[in-house]
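See below for the structure under consideration.
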Amino acid sequence: MHTIQNVFDRELWVSLPPWFWTSTLFVFGCMVGSFLNVCIYRMPIGLSIVSPPSHCPKCGYSIPWYLNMPLITWLWLRGRCAHCKAGISVRYFLVELLTGIAFAACWLRVGQEFPSVALSLCVLIAGFIVATFIDFDHFIIPDEITLGGIGVGIALSLLVPELHHTESHVSGLIRSAVGAAVGWGITYAVLQAGKLAFGKQKVPLEPNTKVLFTETGVHIQGEETPFEEIFSRPSDEIRLRAHTAWMPGSGQRWEDVEVRLSPSRLKIGTDEFDPEKITELAMTCDALVLPREAMGFGDVKFMGAIGAFLGWQGAVFSLLASSVIGAVLGLSLIIARKKEWSSKLPYGPYIAAAATLWIFVGDALLAWWQARL
Ligand SMILES: [Zn+2]
């Protein structure tokens, strides 16, 4: 009679050769990546991630599941829908490949010794991939990933305490909860401090420059910058001191007045308007102040989830390293091409990159650091 072996039973996992498991994890990762593509596309716009099955966005054709092989299908169809031949972004292929490589790498990192730790890290990295691409597209990280990640992280830490270098389930649970609290707490503190120090960016202009707010964006000397490049959060605000302000349509006029525009409100002095109903506002001014916060509250929750999986050390490292990665990348962007005055980047991908660094080389970095002390 067969007995069903526990999936967390080490003997079951280690009895097979290492290459077998590494390649299995790669294939499994590619399949998961195919599902992550669905999450990346549907989660931020509030669609169900389970039904309907993935289909061509143009003609609605759905590849039968038995023909849908990760990587292979995309290559076989040369990036086109099998039915209407519409192009399918190479990103679908890359997300599948990236997930496959990441799962195999997690296995190579700890799988031989602690298979269940490797699988837990795969769950975390799958979350990183979804968070990164959604943040790039929408400047948000959905609660399913961040708050869900905290819940899953704490549950897995109870089941797999080796994730926190302990054999006691209670210790695993405690270290996970402490990690979540530290990750959340320090990021929240930095966010609040940033609001005071770096939350705004003053853009100096020639004296008496004419600035236009239209339905779609800000015009300065004939150049339009769309609002979606400036605003990332409902609380973001453009502020300026206008020498004169006027609405060409209505004939209303103001002198020496403070103007504040957010996605939902336009304030001119003490007058308030709904920006949706204003077709054009013209102003003359010497400077504008733009919202410029690197992080949002989504990043606070995201760091909570990272702490739940990686403990307080992983959370502290991820926050510090993400700021270094962000600074280096921001600088390279300025060198590579002239950075636009309005350009902004999501912060979540920096955190995900830093935490991934911690997973793979955290031990080595700690040893190197301790040797220097
Ligand atoms: Zn199609």
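Values quoted throughout were computed directly from the atomic coordinates according to the rules given, and no laboratory measurement underlies them. It should be emphasised that the depicted structure is a prediction, and the values quoted were computed from it without experimental measurement. Glycine also receives a Cβ, built like all others from the backbone with ideal geometry; neighbour counts cover every protein chain displayed.
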Distribution output for segment 1-113: share of Cα-Cα pairs per 10 Å bin in percent, first bin at 0, values 13, 36, 27, 18, 6, 0
Can I get the semi-axes of segment 123-176's equivalent ellipsoid? Compute them from the C-alpha gyration tensor as square roots of 5 times the eigenvalues, in angstrom, largest first.
27, 10, 7
Just to confirm my numbers, what's the Cα centroid distance between segment 247-289 and segment 151-207 in Å?
39
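Just want to confirm a number: the relative contact order over the chain, from Cα pairs under 8 angstrom separated by 6+ residues, in percent. Before the final figure, lay out the partial values.
Numbers: 591 pairs, mean separation 65.6, N = 373.
Relative contact order for the chain comes out at 18 percent.
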Cut-off 10 angstrom, C-alpha nodes, Gaussian network model of the chain. Which of I220, I101, I125 fluctuates the most?
I220
Taking only DSSP H segments of four or more residues, each worth -39500 (n - 2.57), what value at 222 nm results for the chain once the sum is divided by all its residues, to the nearest 500 deg cm²/dmol?
-17500 deg cm²/dmol
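How far, in nm, would the chain grow between R80 and T244 when pulled straight, counting 0.36 nm per residue and subtracting the alpha carbon separation? Walk me through the intermediate numbers first.
Numbers: separation 164, 0.36 × 164 = 59.04 nm, distance 5.39 nm.
So the extension gain works out to 53.6 nm.
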Take the chain, connect every pair of alpha-carbon atoms lying under 10 Å apart with a spring to form a Gaussian network, then pick out the residue of V32, V110, V257 with the largest mean-square fluctuation.
V257
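Once the convex hull of the C-alpha atoms of segment 83-138 is built, how many Å³ does it hold per residue, rounded to a whole number? Walk me through the intermediate numbers first.
Numbers: hull volume 5.3 nm³, N = 56.
In segment 83-138, the Cα convex hull volume per residue is 95 Å³.
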Under a 10 Å cutoff between Cα atoms, tell me which one of E206, E272, E228 has the largest fluctuation in the Gaussian network model of the chain.
E206
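On alpha carbon coordinates alone, what is the Rg over Rh value for segment 68-190, Rh being the Kirkwood radius? Please list the in-between numbers first.
On the way: Rg = 18.0 Å, Rh = 16.6 Å.
For segment 68-190, the value is 1.08.
Only sites in a loop by DSSP and with at most 10 other Cβ atoms within 10 Å count here; which GluC sites (Glu not before Pro) in segment 88-167 make the cut? Each step should come with its number before you reach the end.
Values: sites: E96, E113, E144, E162, E167; in loops: E113, E167.
For GluC sites (Glu not before Pro) across segment 88-167 that sit outside H, G, I, E and B with at most 10 neighbouring Cβ atoms in 10 Å, the list reads E167.
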Within the chain, longest stretch free of exposed chymotrypsin sites (Phe, Trp or Tyr not before Pro) [DSSP loop, at most 16 other beta carbons within 10 Å]
199-340
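Can you check how the C-alpha radius of gyration of the chain compares to 2.2 N^0.38 Å, as a plain ratio? Each step should come with its number before you reach the end.
Working: Rg = 24.9 Å, N = 373, 2.2 N^0.38 = 20.9 Å.
Taking N as the residue count of the chain, the ratio is 1.19.
Once R0 is set to 22 Å, what does the formula 1/(1 + (r/R0)^6) return for the Cβ-Cβ distance between L366 and A189, expressed as a FRET efficiency to the nearest 0.05?
Details: r = 23 Å, r/R0 = 1.06.
Taking R0 as 22 Å, the efficiency between L366 and A189 is 0.40.
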For segment 200-291, just the Cα atoms, rotate onto the principal axes and tell me the three extents in Å, largest first.
31, 29, 24
Mean separation of Cα contacts under 8 Å (at least 6 apart) over the residue count of segment 200-291, i.e. the relative contact order in percent, is 41
